[in-house]
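The values are calculated or read from the model by the stated rules, or taken from the named source; none is laboratory data. Everything numeric in this text was worked out from a predicted model, so none of it was measured. Glycine also receives a Cβ, built like all others from the backbone with ideal geometry; neighbour counts cover every protein chain displayed. The area values use the complete protein model at the heavy-atom level, side chains included, leaving out ligands, DNA and RNA. Shrake-Rupley method; radii C 1.70, N 1.55, O 1.52, S 1.80 Å.
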Amino acid sequence: MLKNDTFLRALMREPVEYTPVWMMRQAGRYLPEYCATRKNAGSFLQLCKNTELATEVTLQPLERFPLDAAILFSDILTVPDAMGLGLYFAEGEGPKFERTVRTEADVAKLFVPDVGTELKYVTDAVSSIRKALDNRVPLIGFSGSPYTLACYMVEGGSSSDYRNIKTMMYARPDLLHRILEVNTLTVIDYLNAQIEAGAQAVQIFDSWGGSLPYGKYQEFSLQYMARIVAGLKRENDGRRVPVIVFTKGGGQWLEDIAAIGCDAIGLDWTTDIGEARRRVGDKVALQGNFDPVALFAPPAAIEAEVERILTSYGGGTGHVFNLGHGISQFTNPDHAAALVAAVHRLSRKD
Ligand code: CP3
């Protein structure tokens, strides 16, 4: 039995005693203990692939802060790596792929990898983390959305304008649809494998869906996430496994997102969470939406911002507090502590 299931109850819009909180990228470089473990591992990818070390860094933020959920330590780019694209991290430049997927011939070569072998290190990490958590809090599994994964596969790394993938979308939509098809089938297998290994909720990170024009978002990103939601195992061990969809920059499409059958929508900070609740709160829970940059302000300002978000959401359940995007590596961990404490203190319903 889970000792703290507040996060899962809030996602199911069941009564809670306070608003649960976790932070996107809660395990990472803003924690000195993470930097030390990563140094021992040799590289970020070796850290992801080493069960013991991935377990250790997943638990690090929970040792510091009373967070209500843990998130698997891994990366969304393990999926294109398993497709043979050769992921590496160039120092100071972010993720890169040895091979890109841009031509008709590249697309023809794409395949759905065997998740059970190629990504076994991820499901091994899930099982190991569940054991180490000992039912303290639930464990979140995750994947990138088909479109967000395709951004990295086509661009070969991060991009400021998504020129290659968007050109493909306008010039050869058939090629992009084929990539998205392969990604969708892979993500369904991948998330189901994480659920079977013990992930108690899953989040789909659609980090770049918000860069698409109206209409194209629905066709090239949302449609495929809908297929994933429909293909997931939604119950495990006698309990619902909630699905959270996070499209950064997706605030104008909340009704469309709520309609795909997910349990919760992740919001970035540009949306008013109270207004979002009025629009879709009868269908889904909401997760968010503190601007991660506000963590650079002093604790009093952080608390004021937490209070503004909690007040805007209003009472009752259905809110999981989070940042609107990942925590910055330059954040002072004491400020993250102030955020977590403020959420718990200000939301407690006595
Ligand atoms: O949230 C967590 O603590 C779990 C682990 C996690 C990581 N990446 C670890 C990571 C999760 C959920 C991700 C998701 C991810 N990865 C996304 C979607 C969320 C988002 O931020 O939009 C994306 C787009 C990626 C791809 C990626 N991985 C980039 C662009 C980078 C480089 C930029 C950066 O922040 O360093 C990574 C590397 C990465 N993934 C790090 C971590 C802790 C830093 C690696 C290091 O230690 O050097």
How long are the three semi-axes of the equivalent ellipsoid for the range 239-350, computed from the Cα gyration tensor as the root of 5 times each eigenvalue, in whole Å, largest first? 24, 16, 13
Along the dipole axis of the range 91-220 (charges at Cβ: +1 for Lys and Arg, -1 for Asp and Glu; origin at the Cα centre), the most positive-end residue among L212, G92, S145 is L212
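Using the Kirkwood formula on the Cα atoms of the range 1-127, what hydrodynamic radius do you get, in angstrom to one decimal? Intermediate values should be presented prior to the final figure.
Details: mean 1/r = 0.0594 Å⁻¹.
Its Kirkwood hydrodynamic radius stands at 16.8 Å.
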Share of accessible surface on carbon and sulfur in the chain, whole %, 1.4 Å probe and ligands ignored, is 50
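Per residue, how much accessible surface does the range 6-347 expose to a 1.4 Å probe? Answer in Å², no decimals. Mind dumping the intermediate values first?
On the way: 13020 Å² over 342 residues.
On a per-residue basis, 38 Å².
For the chain, with only Lys/Arg (+1) and Asp/Glu (-1) charged at the beta-carbon, what is the dipole magnitude about the Cα centre, in debye rounded to 20?
200
If DNA, RNA and ligands are ignored and the probe is 1.4 Å, what is the ranking of W22, W269, W208 by accessible area, most exposed first?
Details: W22 0, W269 95, W208 65 Å².
Listed by decreasing accessible area, they come as W269, W208, W22.
Using the Cβ atoms and a cut-off under 11 Å, what net charge is assigned to the surroundings of P138, where Lys and Arg are +1 and Asp and Glu are -1?
Counting the neighbours of P138, the net charge comes to +3.
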Dividing the mean separation of Cα pairs under 8 Å (6+ apart) by the residue count of the chain yields a relative contact order in percent of 22
Setting aside same-chain residues fewer than 8 positions from K216, which lysines have a Cα under 17 Å from its Cα? K166, K248
Along the charge dipole of the chain, pointing to its positive end and built from +1/-1 on Cβ of Lys, Arg, Asp and Glu, which listed residue (F290, L53, T103) has its Cα farthest out? F290
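Can you compute the FRET efficiency between E307 and N236 using 1/(1 + (r/R0)^6), with r the Cβ-Cβ distance and R0 = 35 Å? Round to the nearest 0.05. Walk me through the numbers on the way to the answer.
Working: r = 36 Å, r/R0 = 1.03.
Once rounded, the FRET efficiency stands at 0.45.
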With a 1.4 Å probe and every protein chain left in place, tell me how much accessible area R29 has, in Å² to the nearest 10. 120
When you count, for each residue, the other Cβ atoms within 10 Å and take the mean per peptide, how do 69-75, 51-57, 214-220 rank with the highest first? 69-75, 51-57, 214-220
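Would you mind checking K96/K233; K120/K283; K3/K233; K283/K349 for any pair whose Cα atoms are more than 26 angstrom apart?
On the way: K96/K233 32 Å; K120/K283 35 Å; K3/K233 23 Å; K283/K349 23 Å.
Check vs 26 Å cut-off fails for K96/K233; K120/K283.
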Please turn the phi angles of the range 55-65 into ³J(HN,Hα) values with the Karplus equation 6.51 cos²θ - 1.76 cosθ + 1.60 (θ = phi - 60°), one per residue in order, whole Hz, x for glycine and proline. 5, 4, 6, 4, 7, 3, x, 6, 6, 8, 10
In terms of the charge dipole of the chain, which places +1 on Lys and Arg and -1 on Asp and Glu at the beta carbon, the residue among L119, L232, V79 farthest towards the positive end is L232
What's the center-to-center distance, using Cα atoms, between the range 203-242 and the range 251-297 in Å? 14
Computed ³J(HN,Hα) along the range 191-204: with the Karplus parameters 6.51/-1.76/1.60, θ = phi - 60°, integer Hz and x for glycine or proline, the list is 5, 5, 5, 5, 5, 5, 7, x, 5, 9, 7, 9, 10, 9
